[in-house]
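First up is the structure itself, then whatever we jot down about it.
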Amino acid sequence: MIGGLFIYNHKGEVLISRVYRDDIGRNAVDAFRVNVIHARQQVRSPVTNIARTSFFHVKRSNIWLAAVTKQNVNAAMVFEFLYKMCDVMTAYFGKISEENIKNNFVLIYELLDEILDFGYPQNSETGALKTFITQQGIKSQLQTKEEQSQITSQVTGQIGWRREGIKYRRNELFLDVLESVNLLMSPQGQVLSAHVSGRVVMKSYLSGMPECKFGMNDKIVIDKQGKGGTTDEAGKSELGGSSGKQSIAIDDCTFHQCVRLSKFDSERSISFIPPDGEYELMRYRTTKDIILPFRVIPLVREVGRTKLEVKVVIKSNFKPSLLAQKIEVRIPTPLNTSGVQVICMKGKAKYKASENAIVWKIKRMAGMKESQISAEIELLPTNDKKKWARPPISMNFEVPFAPSGLKVRYLKVFEPKLNYSDHDVIKWVRYIGRSGIYETRC
Amino acid sequence: MEWASQLCENRGLGSKMTDSKYFTTTKKGEIFELKAELNSDKKEKKKEAVKKVIASMTVGKDVSALFPDVVNCMQTDNLELKKLVYLYLMNYAKSQPDMAIMAVNTFVKDCEDPNPLIRALAVRTMGCIRVDKITEYLCEPLRKCLKDEDPYVRKTAAVCVAKLHDINAQLVEDQGFLDTLKDLISDSNPMVVANAVAALSEIAESHPNSNLLDLNPQTINKLLTALNECTEWGQIFILDCLANYTPRDDRESQSICERVTPRLSHANSAVVLSAVKVLMKFMEMLPKDLDYYGTLLKKLAPPLVTLLSAEPELQYVALRNINLIVQKRPEILKHEMKVFFVKYNDPIYVKLEKLDIMIRLASQANIAQVLAELKEYATEVDVDFVRKAVRAIGRCAIKVEQSAERCVSTLLDLIQTKVNYVVQEAIVVIKDIFRKYPNKYESVIATLCENLDSLDEPEARAAMIWIVGEYAERIDNADELLESFLEGFHDESTQVQLQLLTAIVKLFLKKPTETQELVQQVLSLATQDSDNPDLRDRGYIYWRLLSTDPVAAKEVVLAEKPLISEETDLIEPTLLDELICHIGTLASVYHKPPSAFVEGGRGVQHKRLPARAGSGESAESPDVGQAVSAVSDAPPAVIPSQGDLLGDLLNLDLAPPTSNVPPVPSSMQMGAMDLLGGGLDSLLGGDVGGSPAMGVSLGGAPVGMPAGLGAAPAVGGGLGDLFDLGGGVGVTAGSYIPPKTVWLPAMKAKGLEISGTFARRSGVIHMDLSFTNKAMSVMTDFAIQFNKNSFGLAPAGPLQVLTPLSPNQTVDVSLPLSTTGPVMKMEPLNNLQVAVKNNIDVFYFSCQYPISLLFVEDGKMDRQVFLATWKDIPSENEAQFQIKDCHLNSDAASNKLQGSNIFTVAKRTVDTQDMLYQSVKLTNGIWMLAELRIQTGNPNSTDLELSVKCRAPEVSQYVYQCYELILRN
């Protein structure tokens, strides 16, 4: 298991050092600094073996987190734990920075003591942790016996992510369907690969221990119901069920630990008791019938050795009534660029020498529209033999729909012990499609 | 969504704490000041001081001098202060064990506290204080905590048992904690179950035979139930534990798989990978025609692909594992090529791994896409990545025949870019393509020759020279090209020198008239001016071949080359199976078994996949089985006259082979250095860069060869410690010598029968041989050579058969052996492959020597050292054996064994049992410790029990064989 955990600043100074196992000595701290942080080369592997000691490292802004072991640990678990550690710290004191870590080092030690025992990760749900570890020190001395046992049963219990006795005057929930659409297109407009990775993020402000059931236009479910003839009419368009695709094929999905996986496996129904506040209910991935919101058509012409002509057309491909926002097209330029002239029909375009790119920004653009930019790039003559690698043209945008076609059909809430019903809960659904890695080669 | 983090930030700013100030104190006299503050009456001041101490500790300052003062702060009601003091204690208790006792009382008291959080904190911290004296006091509180009413305390206590076991294993066993821990598997709280499983798994790793986890269908059922309820981490512990279970039959296997598959949808990648591990392992047991088997295969693909949308570090872990899965079961991901396409922003480690998997998945169906991608990659920035991409194009050409042409033209395009490393890499792979498709793409040679001057890497130069030599007849100025290389012959690397030598000989054989001078020049450069034995040896062989029988030389040097294999870098199947059992762990990331990187013995026992139920089809994935080096193949008793052995033998005093050149084993590895010319070259090439081959005089060669080289041992990586050379020679007598057995029957050796045995006399190993001539004609010119073997046995001198052997005559010869020969691990370990030559032919056989041959005379260990070593060797390295029906008493046995250099270090009598503690040292310096138990009271119980402990446990079995042999004779 994990033998020790160190946090360093970018200079390699130790900010936090917690050793769990005897086989990890103080020299391990230095070994990592010398071999990884101070190494001249960029990181070639996130797992580094130095003198039979393995270092798992992740970097958050300028901060290095390293888990150290001499055993054959579960590597995936160690990384998941490091990410979780980052989440927990962020939930307690915000951004992970040297200053924040120094300001909270006592708290971090306390957390490390709680969530990692002898190198074995323990309950690391912030919801549960915050009931007894706070920035202001430990609460427990003020607690009654009942409160104490409630804490321990929650930390160890089946529903470790939610405490009992939550009350809201207004029961409300927010569902955000956040998708990032990824594309790699050839210069000729052929889709080389495209997929949507989506997340359903839920913010719940519900009283008691509500039992929830979530439904979407999953092809497998719809097809099954269609055959059985028991279409759930009531649920079908309960929540913003606008028209569009009937159902979508989901390649794969993963769920927050609150979801009963065995039930999903057998019935494909998503039922759970949600954590309080914001959390990620599910992640999914689709590859079929993706609506690609934009098409990029590049045209690059080399005029002699000292000039490039670039023309890029973008076309929006969605309902004209919808508006895309925060559109940004990034056209890479060669390293020996000396000057750039740009003309664009819409938005603003600028050559950014420090980023080796022309950045073209458009605030808003409606569906089924087209826009164009053309640029002349002057090059310095070089005797560099190596050709310019022509990195792909990338795009950023945000659209108010789900490019995968996913629709939320219902989210039902049952809380038999308290006197509110599904109808009393105020529900909000929002769809946001963003660009992931959206690239067109040129 | 940002509101949450903003909220937190605000809270952070608003809070009173600015702990960073504790990091800034660096002035002198600091310790003294801290001491005063720690002893202050004010609580706040105390707390501040402890914080300062902890901050100093963190940055690596030694604050152990403050131990008593800090411990004094421990008795407090302030939990925060208490936790800080505990943290300090955990760090420094070991350096101040006596003072640590001061803390015990507080711990014991805290374990009785009404607050479960405090009880748990006390037991958790106490386990982390690794001081022997404290452990005694820990037992009682721990016992109570294991049965605490609060699950939080129980789950903490469960882990504490593992901590205590790590400090004092015996104590844990004596106190019966293991049983209590086992009971916790049935606990009502899932987290307690998970932690108990984790603790038991860890403890079980150091007792491989203890059956501690006792996995049976009932416990498995309990675990599967807890799996649905516990935290994500608990699920990982349970799944990792489940993976060690072997179901009784395919039905049980299927039902477990059915209950594990829902985990594939978990958001935590580690849960998913551990579930994949269980499924991959249990799938082995399912019949392939079962519907469920197909369903399962389909279910595995999507979650594996989803892992690639995780953070880059996890992607890397996932990709390393997918690499294994693709090799084991290519069908799972065969349609998922696209997800492995490299993204521009992927970190380099992700890019390189993706590329690897792309090549493995390349097939006729997707090759066009793959090639288009690879071509893109070849223009990227990172040099390693570009090289690998270029190499990948070559691999595609070799793997998918239909694409070869396109690959070649892509490579030519890349050569046109004139980017130095791209050109060099392309030339290396084009050479491979020539090998795979002879006489097809030679038209590109002209283009290649244009780039001759820009090649500065040995591999590329060697490849280019190979091409020139191989196609000398089609290159008009081949002689000029090669001659130009010859000018700087001595500055070239060995690889290039060898290649140049071979290429010029080839050229000479093809165009003898114009190149005589050139070949003379290279032969004399290689044999007279070089101090590299490989080069010299090869030079002499060519020289001899060319001067005695040019026709034979042609047959050898220009022989048809074996095809190269399609797949490279495949993991050897047994290792692959073992790694599949380690999916998700570091072993799967390193692609090495745990024993290769874990110190001591913890968790290094080899895991194996379960066997399939019903008809055992072992030819599971035929495409994987090939292309594995011959090392792993168990050699037959009589080796057919081919293979590596001949390569070694060619350095012997042999006349040039006159008849058929033996085929080279098809398992040649691509990318190795052995891409030389003819059959002979490849055989010799096998040694390039490795151990110098043994050279014994070569008749006719112009200069005397170094005779009887005790060649420097080639110590192979992983085998390093096992086969380290060392060894001493002493004097003894009376070791048991087994009778001679027939090793080579006359039928298989054209009338020569060889029988023999091994003996150790006066510290020297002898091979006693009897040669019998059962043929009709006289035999002369005997010579012998050994193949590389596990302990580096090699003839210490030439074989002395002085007179010709007439028909029906037998001659006995004793050949002294040394243990300084080249080392290669054999299977079985004590196998020895021998080649004997006479005037008629070369014959091959293999025999096994008793390992007692290697027991050296100074193998008696000091008692104290013995005790320490015995403790030091992890108990999973201990092997138990029984020697049945042996009627010796302990003294007789001891004497007998001593004759064979098994020394009794100590003797102990307990009740009716004599225990002999014995030590043995091998020639390569490995120690073996043994305990031999002999019943004395009961004349009817004549079985002896033997436990052998050794750092190289694979030797144990052979030691046991020796005991059997010695005690029975």
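Values in this text are rule-based calculations from the coordinates and carry no lab data. On a predicted model such as this, the values are computed, not experimentally measured, just so you know. Every residue, glycine among them, receives a Cβ derived from its backbone with ideal geometry; neighbour counts consider all protein chains shown.
Please list, in chain and number order, the residues 5+ apart from A:Arg60 or on another chain whose amide H is under 5 Å from its amide H, with Hs placed from the backbone.
A:Leu65
Put a dot 7 Å past each Cα toward the Cβ at A:Lys326 and B:Lys299; how far apart are the dots in nm?
The answer from the label model is 3.9 nm.
How do A:Phe214, B:Phe237 line up, fewest other C-beta atoms within 10 Å first? Provide the component values of the computation, followed by the final result.
Numbers: A:Phe214 21, B:Phe237 30.
Ranked by crowding around the Cβ, least crowded first: A:Phe214, B:Phe237.
Project the alpha carbons of segment A:340-442 onto their principal axes and report the range along each, largest first, in whole Å.
Dimensions of segment A:340-442 along the principal axes of its Cα atoms: 78, 31, 23 Å.
Take every Cα-Cα distance within segment B:787-918, group them into 5 Å bins from 0 onward, and report for each bin the whole-number percent of pairs it holds.
The distribution over segment B:787-918 is 2, 7, 11, 15, 16, 13, 12, 8, 7, 5, 3, 1, 0, given as percents.
What ³J(HN,Hα) values, in whole Hz, does the Karplus curve 6.51 cos²θ - 1.76 cosθ + 1.60 give for segment B:502-507 when θ = phi - 60°, with x put for Gly and Pro?
For segment B:502-507, the Karplus-derived couplings read 5, 4, 5, 4, 4, 4 Hz, x marking Gly and Pro.
Residue by residue, what Karplus-based ³J(HN,Hα) values in Hz, rounded to whole numbers, does segment B:157-167 have, using 6.51, -1.76 and 1.60 with θ = phi - 60° and x for Gly and Pro?
5, 4, 5, 4, 4, 5, 4, 5, 4, 5, 7
Work out Dmax and Rg for chain A from the C-alpha atoms and quote the Rg first, both in angstrom.
Cα-based Rg and Dmax for chain A come out at 26.3, 82 Å.
Ratio to report: Rg/Rh of segment A:144-198, with Cα atoms as the point set and Rh obtained by the Kirkwood method; give two decimals.
Values: Rg = 22.9 Å, Rh = 16.2 Å.
Expressed as Rg/Rh, it is 1.42.
Running a GNM on chain A with Cα contacts under 10 Å, which residue among A:Ala31, A:Ala194, A:Ala66 ends up with the highest mean-square fluctuation?
In the Gaussian network model the winner is A:Ala31.
Sorted from largest down, give the three principal axis spans of the alpha carbons of segment A:384-428, whole angstrom values.
That works out to 76, 19, 14 Å along the principal axes.
Give the Rg/Rh ratio for segment A:294-399, taking Rg as the radius of gyration of the Cα atoms and Rh as the Kirkwood radius, to two decimals.
Reported Rg/Rh (Cα atoms, Kirkwood Rh): 1.02.
How large is log10 of I(q)/I(0) for segment B:88-140 at q = 0.12, 0.31 Å⁻¹ when the intensity is taken from the Debye formula with one equal scatterer per alpha-carbon?
-0.23, -1.28
Please compute the Kirkwood hydrodynamic radius of segment B:471-536 from all pairs of different C-alpha atoms, in Å with one decimal.
Working: mean 1/r = 0.0846 Å⁻¹.
With all distinct Cα pairs of segment B:471-536 included, I get 11.8 Å.
R0 = 41 Å: FRET efficiency of B:Ser770 with B:Asp872, Cβ-based, nearest 0.05?
Here the calculated transfer efficiency is 0.35.
Using only the Cα atoms of the protein assembly as shown, what are the Rg and Dmax in Å?
Spelled out, the Cα radius of gyration and Dmax of the protein assembly as shown are 36.4, 111 Å.
How would you rank B:503-509, B:742-748, highest first, on the average number of other Cβ atoms within 10 Å across their residues?
In decreasing order of mean packing, B:503-509, B:742-748 become B:503-509, B:742-748.
Taking the Cα centre of chain A as origin and charging only Cβ (+1 Lys, Arg; -1 Asp, Glu), how large is the dipole, in debye to the nearest 20? Intermediate values should be presented prior to the final figure.
Values: 65 positive and 46 negative charges, 353 e Å.
So the dipole magnitude of chain A works out to roughly 1700 debye.
Which whole DSSP H helices in chain A pass both tests: a Cα extent of 20 Å or more along the axis and a mean Kyte-Doolittle value no lower than 1.0?
On the way: long enough: A:75-93 (27 Å, 1.05).
Helices meeting the span and hydropathy rule in chain A are A:75-93.
Using helices alone, what [θ] at 222 nm do you get for the protein assembly as shown, with -39,500 (n - 2.57) per DSSP H run of 4 or more residues, divided over all residues and rounded to the nearest 500? If you can, show how the numbers build up before the last one.
Working: 48 runs with 525 residues, N = 1411.
Estimated from H runs of four or more residues: -11000 deg cm²/dmol.
For a Förster distance of 51 Å, can you work out the FRET efficiency between the beta-carbons of B:Ile840 and B:Asp384, rounded to the nearest 0.05?
Numbers: r = 54 Å, r/R0 = 1.06.
Calculated transfer efficiency: 0.40.
Can you compute the charge dipole magnitude of segment A:267-347 about its Cα centre, using +1 on each Lys and Arg Cβ and -1 on each Asp and Glu Cβ, nothing else charged? Give it in debye, rounded to the nearest 20.
Values: 14 positive and 8 negative charges, 120 e Å.
Around 580 debye, computed over segment A:267-347.
Taking the dipole about the Cα centre of segment A:4-130, with the C-beta of Lys and Arg at +1 and of Asp and Glu at -1, give me whichever of A:Ala91, A:His10, A:Ala67 is farthest to the positive side.
Highest projection toward the positive end goes to A:His10.
Across peptide B:89-99, how many C-beta atoms of other chains are within 10 Å of each residue C-beta, on average?
1
Return the FRET efficiency for the residue pair B:Tyr137, B:Leu290: r is the Cβ-Cβ distance, R0 is 51 Å, and the value is rounded to the nearest 0.05.
The calculated FRET efficiency here is 0.35.
Restricting to lysines 8 or more places apart or on different chains, can you count the pairs in segment A:4-130 with Cα atoms under 22 Å from each other?
Lysine pairs meeting the criterion: 13.
Which whole-percent values make up P(r) of segment B:211-345 when all C-alpha to C-alpha distances are grouped in 10 Å steps starting at zero?
All Cα pairs considered, the percentages come to 11, 42, 33, 11, 2, 0.
Under a crude label model (7 Å from the Cα following the beta-carbon direction), how far is A:His10 from A:Ile426 in nanometres?
4.4 nm
Which whole number in µm²/s is D for segment A:4-130 by Stokes-Einstein, with the Kirkwood Rh taken over Cα pairs at 37 °C and 0.692 mPa s? Provide the component values of the computation, followed by the final result.
Working: Rh = 14.7 Å.
Rounded, D is 223 µm²/s.
Can you sort B:Ile564, B:Ile393 from fewest to most other Cβ atoms within 10 Å of each residue's own Cβ? Don't skip to the end; give the middle numbers.
Working: B:Ile564 19, B:Ile393 27.
Final ranking by Cβ density, sparse to dense: B:Ile564, B:Ile393.
Please work out the C-alpha center-to-center distance from segment B:357-403 to segment B:292-347 and express it in whole Å.
About 18 Å separates the Cα centre of segment B:357-403 from the one of segment B:292-347.
What whole-number volume per residue, in cubic angstrom, does the convex hull of the C-alpha atoms of segment B:409-563 give?
Spelled out: Cα convex hull of segment B:409-563, divided by residues, is 105 Å³.
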